[in-house]
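The values are calculated or read from the model by the stated rules, or taken from the named source; none is laboratory data. Keep in mind the model is a prediction, meaning the values are calculated, not measured. For neighbour counting, all protein chains shown are included, and Cβ atoms are generated from backbone atoms with ideal geometry for every residue, glycine included. Heavy atoms of the whole protein, side chains included, go into the accessibility calculation; ligands, DNA and RNA do not. Shrake-Rupley method; radii C 1.70, N 1.55, O 1.52, S 1.80 Å.
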Amino acid sequence: MSAELKTISIGMLGCGVVGSQVARLLQSDEQELSERSGALLVLKKIGVRSNAAREGINPSMITTDLNSIVNDPEINIVIEVMGGIEPARTLILEAIKNKKSVITANKALLATHGHELFNAADAAKVDLYYEAAVAGAIPIIRSMRESLAGDQITRVMGIVNGTTNYILTKMHEEGRAFNDVLKEAQSLGYAEADPTADIEGHDAAAKAALLASLAFHSTVTIDEVYCEGITGISIDDVNAAKAMGSVIKLLAIAELTVKDEISVRVHPVMLPNSHPLASVRNAFNAVYVESEAAGQLMFYGRGAGGAPTASAILGDLVAVTRHRAYSTVGYGESDYADLDIAPVGDVKSQFFVRLHVADKSGVLAAIAQVFASEKISIQTVRQAGLGSDAELVVVTHAATESSLKGCIKKLTDMDIVSKVESVIRVEGVVA
Ligand code: HSE
């Protein structure tokens with residue numbers, strides 16, 4: 001290593017599943033990472049909430065005084081892997097004010113206060129990098145921000161939550177119950193501390209906001225993302241999807257509408273087995289990007305877990321260190337387009353509707369009439385079962401959310417309909 005390399009000191013906030021892997025890799029690969037960065041990288045302090053001993057980490061590095069990291073004049077780069085909104089937001093702002101570049105994996109924070117944090121970084125002329133915040137190891141942020149900077153992205157669809165993809169895969173392939181698989185995903189270290197964030201779609205919604213912001217050069221926050229999780233998906237839905245040659249996935253979708261608004265949403269989707277995202281199994285993530293010139297691109301890899309997420313953080317660390325070594329900064333937030341968010345009721349999708357009805361003549365005609373009354377065209381109808389409890393599965397052509405909602409209300413009120421079991425959007429087939 002060249003003798004004249006300057007030292008870049010790193011402080012880390014948090015040392016859980018991800019932080020401990022960052023520390024391990026940073027210490028074991030210090031020399032190589034330094035060669036790649038053009039500066040000698042030294043992990044100086046790790047801030048934690050409780051200073052219990054941590055394997056492989058020198059106890060003298062650990063502190064519970066988180067402010068001492070962001071205010072340490074010797075620390076040049078702060079890695080934030082503690083999660084949550086506060087105190088992470090205040091600590092990051094303080095670090096930026098003190099001219100430290102920041103690398104964070106905190107999607108919830110960026111999807112809520114990103115604009116404030118990016119503005120602060122811009123004003124202080126430091127980097128705020130976040131590759132690890134979306135889809136773990138997959139280099140999707142840099143690809144969208146840099147490699148696709150010359151193209152017009154029109155749509156992004158992602159499987160961006162490993163826990164829910166793991167659950168849906170096991171339900172589909174092994175017919176196992178939801179709760180049983182959730183426990184397994186937690187024990188494998190994929191799930192958030194509170195798995196509600198995974199199964200209700202909030203984790204994916206934060207990532208959808210970040211992807212939408214990047215794709216459409218506009219600030220999109222998590223509260224603008226329409227969000228449904230997977231807790232309503234039953235084994236019967238999974239089996240009905242299978243019978244149709246499809247699979248159910250939780251997708252984060254960000255697309256440009258015909259009115260040049262952004263539609264951004266997270267919900268379960270039925271995908272035909274032939275769609276590239278349908279083959280993304282277990283805890284793997286994938287992001288499928290459609291753009292005007294490049295066409296379709298798919299990015300695939302591990303979206304959760306300590307080492308994969310640490311890989312993305314270390315990639316940012318090398319980039320940010322290089323910038324510091326050359327006294328420059330990288331790409332910041334690009335929000336010049338400032339597009340509006342499309343009202344969810346206007347968004348068009350195909351729908352799968354599974355309902356239980358009385359099996360007698362005229363029932364199908366009456367049901368078809370309700371769809372027609374909302375100007376929803378039916379693509380296919382399949383009936384299973386006999387007698388008082390027949391099951392109908394209707395797949396519609398593209399219709400707006402609001403007409404579908406009107407249709408479901410009318411169906412629910414009909415005497416011949418005992419229950420509308422489920423409504424799932426269908427993507428990836430020709431309407
Ligand atoms: N809980 C998340 C997941 C981890 O399951 O994908 C990465 O954000």
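Over the chain, what relative contact order in percent results from Cα pairs under 8 Å that are six or more residues apart?
16 percent
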Completion exercise
GNM on the chain, Cα springs under 10 Å; top mean-square fluctuation among Ala337, Ala286, Ala124 goes to Ala337
Practice task
Report, please, the projected area of the chain averaged over directions, based on the convex hull of its C-alpha atoms, in nm².
Solution key: 21.8 nm²
Practice task
With label points built 7 Å along Cα→Cβ from the Cα atoms of Thr380 and Asp260, find their separation and express it in nm.
Solution key: 3.9 nm
Handout entry: For the chain, accessible area per residue (1.4 Å probe, heavy atoms of protein chains only), Å²
Key = 42 Å²
Fill in the blank from the handout: In the chain, helical segments from DSSP H whose Cα atoms cover 27 Å or more along their own axis and that average at least 1.0 on the Kyte-Doolittle scale are none
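So how do 291-302, 7-18, 34-45 stack up, highest first, on mean other-Cβ count within 10 Å?
Numbers: 291-302: 14.2, 7-18: 22.2, 34-45: 19.2.
For the peptides 291-302, 7-18, 34-45, the packing ranking is 7-18, 34-45, 291-302.
Per residue, how big is the convex hull around the C-alpha atoms of segment 194-323? Give it to me in cubic angstrom, could you?
In segment 194-323, the Cα hull volume divided by residue count equals 152 Å³.
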Practice task
May I ask you to list the GluC sites (Glu not before Pro) in segment 187-254 that are in a DSSP loop and have at most 13 other Cβ atoms within 10 Å of their Cβ?
Solution key: none
Exercise for the section: Pull up all non-local amide H partners of Ile46: gap of 5 or more, or a different chain, and H-to-H distance under 5 Å with H placed in the peptide plane. Expected result: Met12, Ile62, Thr63
Practice task
Please report the Cα spread of segment 99-225 along all three principal axes, rounded to whole Å, starting with the longest.
Solution key: 51, 31, 25
Handout entry: Kirkwood estimate for segment 344-431, i.e. one over the average of 1/r between Cα atoms, Å
Key = 12.9 Å
Handout entry: Descending principal axes extents, segment 33-78, alpha-carbon based, whole Å
Key = 34, 26, 13
Problem - Chain lengthening between Thr412 and Glu74 when straightened (0.36 nm per residue, less Cα-Cα) - result: 115.2 nm
Handout entry: Carbon/sulfur fraction of accessible area - segment 344-426, other protein chains in place, 1.4 Å, %
Key = 55 percent
Problem - Estimated FRET transfer efficiency when R0 is 22 angstrom, pair Gln296-Ser402 (beta carbons, to 0.05) - result: 0.15
Problem - Partners for Lys207 among lysines (Cα-Cα distance below 20 Å; same-chain residues under 8 apart left out) - result: Lys107, Lys249
Exercise for the section: Find how many whole Å separate the alpha carbon centroid of segment 393-431 from the alpha carbon centroid of segment 193-272. Expected result: 18 Å
Exercise for the section: Can you give me the three principal axis dimensions of segment 1-159 from its C-alpha atoms, in Å, biggest first? Expected result: 50, 39, 33
Fill in the blank from the handout: Extend 7 Å from the Cα of Lys348 along its Cα-to-C-beta direction; within segment 389-408, residues with backbone N under 15 Å of that point are 396-404
Practice task
Please give the length that would be gained between Leu5 and Glu35 if that part of the chain were fully extended, namely 0.36 nm times their separation in residues minus their C-alpha to C-alpha distance (nm, one decimal).
Solution key: 9.9 nm
Problem - Within segment 123-157: backbone nitrogen closer than 17 Å to the Lys97 label point (7 Å, Cα to C-beta) - result: 123-126
Completion exercise
Expressed as a percent, the accessible surface of segment 257-341 that is carbon or sulfur, using a 1.4 Å probe and the full set of protein chains, is 47 percent
Handout entry: Partners for Lys100 among lysines (Cα-Cα distance below 20 Å; same-chain residues under 8 apart left out)
Key = Lys6, Lys44, Lys45, Lys125
